[in-house]
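Undergrad: Let me begin by handing over the structure; questions about it come next.
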Amino acid sequence: MSVMAENLKKIVVFCSLTIIIYVSTYLGFYKIFSLEFDAVDRVSYIVDGDTFDVASGYRIRLADVDCPETYEDGYDQAKDFLRGLIYGKQVFMDTDDVYYYDYFGAGDRVVCVIYVESNSTHFINVNKALVEYGHAVYKDFYNEFSPYTWTLFVSRIDRGQLQTIRVVSGAAAIIGSVVIYKVASRIWVDAREI
């Protein structure tokens with residue numbers, strides 16, 4: 001193989017490694033620092049402690065939490081807590097990708113984890129807040145969510161953080177590619193000498 005072809009092969013391998021490491025690092029950081037929002041809407045009506053309506057006409061069922069029913073102690077407190085947290089506010093919805101609708105009762109409720117702005121840097125996980133403040137219990141139904149991994153406050157990603165993620169991912173990709181390439185080259189040279 002000519003020297004030119006050998007060098008071209010090395011460049012292709014190095015570039016491929018860099019792209020693979022960049023994409024995997026970027027996606028990893030992005031997943032850690034971002035939330036999945038499928039819809040944004042305004043809350044128009046509170047049904048009970050774990051169900052409400054939004055302005056677009058959908059009825060929302062909070063995923064993996066259960067609040068007291070009308071005939072149980074704590075019903076009014078749970079409903080009032082939810083009202084105080086989200087009524088009239090813009091909510092950010094992560095809908096269940098497994099079932100989408102809750103098929104209990106009328107089967108018309110969209111199953112979601114709901115977030116509401118806490119401040120300029122964080123969201124409040126509404127589902128977690130109901131449990132945290134004693135108005136609901138976890139009911140880990142079969143869906144995409146895992147309530148035991150939720151945190152009450154979740155950082156929101158902004159453009160500056162996204163740019164930082166890109167830069168860090170790029171640096172990690174270049175450094176990782178250089179290290180892998182150097183180690184692989186050394187192994188290749190050692191193997192050829194044997």
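The values are calculated or read from the model by the stated rules, or taken from the named source; none is laboratory data. What you are looking at is a predicted structure, and each value in this text was computed from that prediction instead of being measured. Quick reminder, even Gly has a Cβ in these numbers, built from the backbone with ideal geometry, and neighbours come from all protein chains shown.
Undergrad: From (1) assigned by TED's automatic domain parsing to the domain that holds residue 112; (2) at pLDDT below 95; (3) small (Gly, Ala, Ser), pick out the condition that doesn't hold for residue 49.
TA: (2)
Undergrad: Being touching a helix residue (DSSP H, G or I) at 6+ places or on another chain (Cβ under 8 Å), among the small types (Gly, Ala, Ser) and either outside any helix (DSSP H, G or I) or touching a residue at least 40 places away in the same chain (Cβ under 8 Å) (or both), is that true of even one residue in the range 108-124?
TA: No, because not a single residue in the range 108-124 is touching a helix residue (DSSP H, G or I) at 6+ places or on another chain (Cβ under 8 Å), among the small types (Gly, Ala, Ser) and either outside any helix (DSSP H, G or I) or touching a residue at least 40 places away in the same chain (Cβ under 8 Å) (or both).
Undergrad: Looking at 111, 126, 131 in this structure, which one is touching a Lys or Arg at 6+ places or on another chain (Cβ under 7 Å), buried (at least 19 other Cβ atoms within 10 Å of the Cβ) and closer than 19 Å to residue 150 by Cα?
TA: Numbers: 126 fails: touching a Lys or Arg at 6+ places or on another chain (Cβ under 7 Å); 131 fails: touching a Lys or Arg at 6+ places or on another chain (Cβ under 7 Å).
Checking each option against the conditions leaves just 111.
Undergrad: For the range 61-85, which positions are small (Gly, Ala, Ser), assigned to a helix (DSSP H, G or I) and farther than 23 Å from residue 95 by Cβ?
TA: Kept after step one, since they are small (Gly, Ala, Ser), are these residues of the range 61-85: 63, 74, 78, 84.
Pick out the ones that are also assigned to a helix (DSSP H, G or I) and you get 78, 84.
The one that is small (Gly, Ala, Ser), assigned to a helix (DSSP H, G or I) and farther than 23 Å from residue 95 by Cβ: 84.
For every residue, the table says whether it meets (1) of a type in the set (A, V, I, L, M); (2) surrounded by fewer than 16 Cβ atoms within 10 Å (Cβ to Cβ); (3) under 16 Å from residue 40 (Cβ atoms); (4) free of Cβ contacts under 8 Å to residues at least 60 places away in the same chain.
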residue: 60; (1), (2), (3), (4): yes, no, yes, yes
residue: 63; (1), (2), (3), (4): yes, no, no, no
residue: 84; (1), (2), (3), (4): no, yes, no, yes
residue: 96; (1), (2), (3), (4): no, no, no, yes
residue: 102; (1), (2), (3), (4): no, no, no, yes
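Undergrad: Kindly provide the set of residues from the range 19-46 that are surrounded by 12 or more Cβ atoms within 10 Å (Cβ to Cβ), modelled with pLDDT under 70 and part of a helix (DSSP H, G or I), ordered by number.
TA: 21, 22, 23, 24, 25, 26, 27, 28, 29, 30, 33
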